[in-house]
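A quick write-up on the structure given underneath.
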Amino acid sequence: MGKVTIDPVTRVEGHLRVSTETKGGTIHQARVAGEMYRGFEQILAGRDPLDAPVITQRICGVCPVSHAIASSRCVENALELPPPLSGKLLRNLILGANFLQSHILHFYQLSALDFLNIEGILSLKTRDPQLQELKGWVVQELDSNRILPAAPFLPRLKGDYPADLSWTQNLLSHYLQALDMRRKAHSMIALLGGKVPHVASIVPGGVTCTPTYGELEAFRGHLYILRRFIESVYLPDVMATAKQFPDYTRLGTGLRRFLAFGAFPEAEGDWLPSGTVDSRSFSSLREGEIREETAYSWYVDAPEQETSLPDPEKEGAYSWIKAPRYGGKACEVGPLARLIVAYHAGQPSVKEMVDDCMNRLRLNHSALKSVFGRHLARALEAQLLARRMEVWLDQIDPETSHVAEYVPRSQGSGSGLIEAPRGALGHWITIAEGRIATYQCMVPSTWNFSPMGGRKDPGPVESALLGTPVARDSQGLEAARVVRSFDPCIACAVH
């Protein structure tokens, strides 16, 4: 029996520890732990409800738009302040741009380096200008005798990196191109959101900006470039990586229970539907089934809808992350969950794209529930979303108001359920005497990286790690590949 602990897991937001025990060459026990406490829910108590969207955006610098919309929605429901359709569509465009930058960032900057043979590239002797430039990114020559490894390329964990250096060179060449694409997505957010991160235009009741025709066309121009990159570079890179590492189309399966809150409202309902899928059976979402447990989390157990207080000395606890459960069961959330829920709910564009992609890869649909299934789901969602954003853009009328008139109310309660890039996000609020009485957030990485629940049932990532084969001299690369397929944001998870 062997033990491998990665602490901290790098290239993720926040402080994450992963501890594994192996037997017979595979992981048979895993624990994931958030190692910090933040307390946003306590910060919000006693404040004006309109402060909530501003403050909760500071939970995360990668997905602040999602928190702004979820927070605005729960305040809207509490104060009976429904936004106009045009406000919803503008939110869709801002959130869609945030999805695109997040998905591109995750694959190229946060995950792809786990699969690239950097040492092999450095060993090549060539006069190829492009390859020489690539090698220059990886190391910086200080003088004739020394070189300095350039993060995040080096140092790296030992592992089974591919011998196909042409594939590595091609993917590495897209690394900086992906950063430029992310910058364009950020520009799109700023055009309609005022700034990024932490947008200024999303408020309870809608969106305060009134974009000009020129700003909308600038948004469209960036979107066109992003769509071409997604279709011609990002999605092909993910599919090529799956072919290089076929084992990871079978590893990291996890719970096989998926949950989505629904996203991107249109006139006829959410474009991406809400619901759950368990054993290929689709069910509509029932908000009353959502609970948050703390049996193995460093919190004092609290009644439902009340804020849990920290208890760092709690016996048996091992994480600052709570344990969300749906119907008493842990569920995976995220792009893969959204894709599977939409597929089983009969969303035509999703079914067509998934079927076509799996046929081209010559893989059974069961391969989606894997490490590379999660990477593929992000790329497919990015392609679908970029196309749908063009439809929303055509529906925006700059001459109309995109925000409802604010009518103050002194009390109420409400929820805001949406999808963030990493999965299902919920905010809940109660208002008394014009102030926030209680506030709760349940974020995607809280679902995915939850510790055991009250039934000693492992969370989604803990389950996905089980059965992962590891090399005898493993430093944790195999586990890191599984973990990063979920795109961890521990800063959000321990909000």
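The values are calculated or read from the model by the stated rules, or taken from the named source; none is laboratory data. All values reported here derive from a predicted model rather than from experimental measurement. Here Cβ is always computed from backbone atoms with ideal geometry, including for glycine, and neighbour counts include all displayed protein chains. Just so you know, the surface numbers come from the protein's heavy atoms only, side chains and all, with ligands and any DNA or RNA stripped out. Shrake-Rupley method; radii C 1.70, N 1.55, O 1.52, S 1.80 Å.
Within region 110-148, restricting attention to residues that are among the acidic types (Asp, Glu) and at pLDDT below 70, which residue is farthest from residue 14 (Cα to Cα)?
As a first pass, look at region 110-148 and keep what is among the acidic types (Asp, Glu): 114, 119, 128, 133, 141, 143.
Okay, now just the ones that are also at pLDDT below 70, so 128, 141, 143.
Working: 128: 39, 141: 31, 143: 35 Å.
This residue is 128.
Contact list please: Cβ distance under 8 Å, first residue in region 203-217 and farther than 9 Å from residue 72 by Cβ, second residue open to solvent by 30 Å² or more (accessible area, probe 1.4 Å), pairs at least six apart or on different chains.
Correct list of pairs: 207/403; 208/200; 208/403; 209/194; 210/401; 211/191; 215/191.
Considering only residues of region 445-458 that are in contact with a Pro (Cβ under 9 Å, 6 or more places away or on another chain) and open to solvent by 10 Å² or more (accessible area, probe 1.4 Å), which is farthest from residue 22 (Cα to Cα)?
452
For residue 50, all conditions in the list (1) touching a residue at least 60 places away in the same chain (Cβ under 8 Å); (2) open to solvent by 30 Å² or more (accessible area, probe 1.4 Å); (3) touching a Lys or Arg at 6+ places or on another chain (Cβ under 8 Å) hold save one; what is the number of the exception?
Failed condition: (3).
Condition check: within 16 Å of the chain's Cα centre (by Cα) and either of a type in the set (D, E, K, R) or at pLDDT below 95 (or both). Does residue 381 satisfy that? Before the answer, list the steps.
On the way: within 16 Å of the chain's Cα centre (by Cα): yes; either of a type in the set (D, E, K, R) or at pLDDT below 95 (or both): yes.
So residue 381 fits the description; yes.
Would you say residue 467 is in contact (Cβ under 8 Å) with a residue 12 or more places away in the chain and at positive phi? Quick ask: steps written out before the conclusion?
Details: in contact (Cβ under 8 Å) with a residue 12 or more places away in the chain: yes; at positive phi: yes.
When the stated conditions are applied, residue 467 passes them.
Is it the case, given these coordinates, that residue 263 is under 25 Å from residue 61 (Cα atoms) and buried (at least 20 other Cβ atoms within 10 Å of the Cβ)?
Values: under 25 Å from residue 61 (Cα atoms): yes; buried (at least 20 other Cβ atoms within 10 Å of the Cβ): yes.
So residue 263 passes the test.
Testing residue 461 on (1) of a type in the set (Val, Ile, Thr); (2) part of a helix (DSSP H, G or I); (3) open to solvent by 10 Å² or more (accessible area, probe 1.4 Å); (4) within 27 Å of residue 60 (Cα to Cα), one condition comes back false. Which one is that?
Every condition holds for residue 461 apart from (3).
If I ask for residues that are outside any helix (DSSP H, G or I) and β-branched (Val, Ile, Thr), which ones from region 351-410 would you list? Steps first, please.
Initially, region 351-410 is screened for residues outside any helix (DSSP H, G or I), giving 362-364, 369-370, 396-410.
396, 400, 403, 407 - these are the residues of region 351-410 that are outside any helix (DSSP H, G or I) and β-branched (Val, Ile, Thr).
Which condition from (1) open to solvent by 40 Å² or more (accessible area, probe 1.4 Å); (2) over 25 Å from residue 110 (Cβ atoms); (3) in contact (Cβ under 8 Å) with a residue 40 or more places away in the chain is the one that residue 363 breaks?
It fails just one condition, (2).
Look through region 368-417, keep the residues that are without any contact (Cβ under 8 Å) to a residue 60 or more places away in the chain and touching a helix residue (DSSP H, G or I) at 6+ places or on another chain (Cβ under 7 Å), and return whichever of them is farthest from residue 181 (Cα to Cα).
Ranking the candidates gives 368 first.
Kindly provide the set of residues from region 223-254 that are among the charged types (D, E, K, R) and open to solvent by 60 Å² or more (accessible area, probe 1.4 Å), ordered by number.
Those that are among the charged types (D, E, K, R) and open to solvent by 60 Å² or more (accessible area, probe 1.4 Å): 227, 228, 231, 243, 247, 250.
So is residue 416 part of a helix (DSSP H, G or I) and closer than 26 Å to residue 333 by Cβ or not?
Working: part of a helix (DSSP H, G or I): no; closer than 26 Å to residue 333 by Cβ: yes.
Answer is no for this residue.
Just to check your reading of the model, which residue among 25, 39 is open to solvent by less than 70 Å² (accessible area, probe 1.4 Å), under 30 Å from residue 477 (Cα atoms) and touching a strand residue (DSSP E or B) at 6+ places or on another chain (Cβ under 9 Å)? I'd like the intermediate steps shown before the answer.
Details: 39 fails: under 30 Å from residue 477 (Cα atoms).
Just a single option satisfies the conditions, and that option is 25.
What are the residue pairs meeting all of these: first residue in region 149-174, first residue within 25 Å of residue 12 (Cβ to Cβ) and basic (Lys, Arg), second residue at pLDDT 80 or above and not in a loop (DSSP other than H, G, I, E, B), Cβ atoms under 8 Å, and 6 or more apart or on different chains?
Partner pairs satisfying both residue conditions: 156/113; 156/118; 158/477.
What tally of residues in region 85-108 results from selecting those that are open to solvent by 10 Å² or more (accessible area, probe 1.4 Å) and small (Gly, Ala, Ser)?
Residues in region 85-108 being open to solvent by 10 Å² or more (accessible area, probe 1.4 Å) and small (Gly, Ala, Ser): 1 in total.
Examine region 469-486 for a residue that is at pLDDT below 95, open to solvent by less than 20 Å² (accessible area, probe 1.4 Å) and part of a loop (DSSP other than H, G, I, E, B), and state whether such a residue exists.
Within region 469-486 (the criterion being at pLDDT below 95, open to solvent by less than 20 Å² (accessible area, probe 1.4 Å) and part of a loop (DSSP other than H, G, I, E, B)), the answer is yes, since at least one residue qualifies.
Would a scan of region 319-335 turn up a residue that is farther than 27 Å from residue 413 by Cβ and open to solvent by 20 Å² or more (accessible area, probe 1.4 Å)?
First, pick out the residues of region 319-335 that are farther than 27 Å from residue 413 by Cβ: 319, 332, 334-335.
Narrowing further to those that are open to solvent by 20 Å² or more (accessible area, probe 1.4 Å): none.
Among the residues of region 319-335, not one is farther than 27 Å from residue 413 by Cβ and open to solvent by 20 Å² or more (accessible area, probe 1.4 Å), which makes the answer no.
Filter region 109-119 for residues that are of a type outside the set (Asp, Glu) and open to solvent by less than 10 Å² (accessible area, probe 1.4 Å); which is nearest to the chain's Cα centre (by Cα)? I'd like the intermediate steps shown before the answer.
Kept after step one, since they are of a type outside the set (Asp, Glu), are these residues of region 109-119: 109-113, 115-118.
Adding the requirement that they be open to solvent by less than 10 Å² (accessible area, probe 1.4 Å) leaves 111-113, 115-116, 118.
Values: 111: 13, 112: 16, 113: 18, 115: 20, 116: 22, 118: 26 Å.
By that ranking, first place goes to 111.
Go through the residues of region 431-441 one by one and say whether even a single one is out of contact with any strand residue (DSSP E or B) (no Cβ under 7 Å at 6 or more places or on another chain), in a loop (DSSP other than H, G, I, E, B) and open to solvent by less than 30 Å² (accessible area, probe 1.4 Å). First the steps, then the outcome.
Of the residues in region 431-441, the ones out of contact with any strand residue (DSSP E or B) (no Cβ under 7 Å at 6 or more places or on another chain) are 432-435.
Among the residues that remain, those that are also in a loop (DSSP other than H, G, I, E, B) are: 433-434.
Subsequent filtering for residues that are open to solvent by less than 30 Å² (accessible area, probe 1.4 Å) retains 434.
Yes; the residues of region 431-441 include at least one that is out of contact with any strand residue (DSSP E or B) (no Cβ under 7 Å at 6 or more places or on another chain), in a loop (DSSP other than H, G, I, E, B) and open to solvent by less than 30 Å² (accessible area, probe 1.4 Å).
Do we find a residue being over 19 Å from the mean Cα position of the chain (by Cα), in contact (Cβ under 8 Å) with a residue 60 or more places away in the chain, farther than 26 Å from residue 484 by Cβ and assigned to a helix (DSSP H, G or I) anywhere in region 55-64? Working first, answer last.
Going through region 55-64, the residues over 19 Å from the mean Cα position of the chain (by Cα) turn out to be 55.
Filter once more, so that each one left must be in contact (Cβ under 8 Å) with a residue 60 or more places away in the chain: none.
For region 55-64, residues over 19 Å from the mean Cα position of the chain (by Cα), in contact (Cβ under 8 Å) with a residue 60 or more places away in the chain, farther than 26 Å from residue 484 by Cβ and assigned to a helix (DSSP H, G or I): absent.
What are the pairs with Cβ atoms under 8 angstrom where one residue, in region 232-261, is closer than 18 Å to residue 358 by Cα and aromatic (Phe, Trp, Tyr) and the other, located anywhere, is part of a loop (DSSP other than H, G, I, E, B) and modelled with pLDDT of 95 or more? Sequence gap at least six, or different chains.
Every condition considered, the pairs that remain are 248/370.
When the residues of region 54-84 are narrowed to those that are open to solvent by 20 Å² or more (accessible area, probe 1.4 Å) and among the charged types (D, E, K, R), which ends up farthest from residue 437 (Cα to Cα)?
Within region 54-84, the match that is farthest from residue 437 (Cα to Cα) is 58.
Being under 19 Å from the mean Cα position of the chain (by Cα) and closer than 21 Å to residue 321 by Cα, is that true of even one residue in region 82-95?
No: region 82-95 contains no residue that is under 19 Å from the mean Cα position of the chain (by Cα) and closer than 21 Å to residue 321 by Cα.
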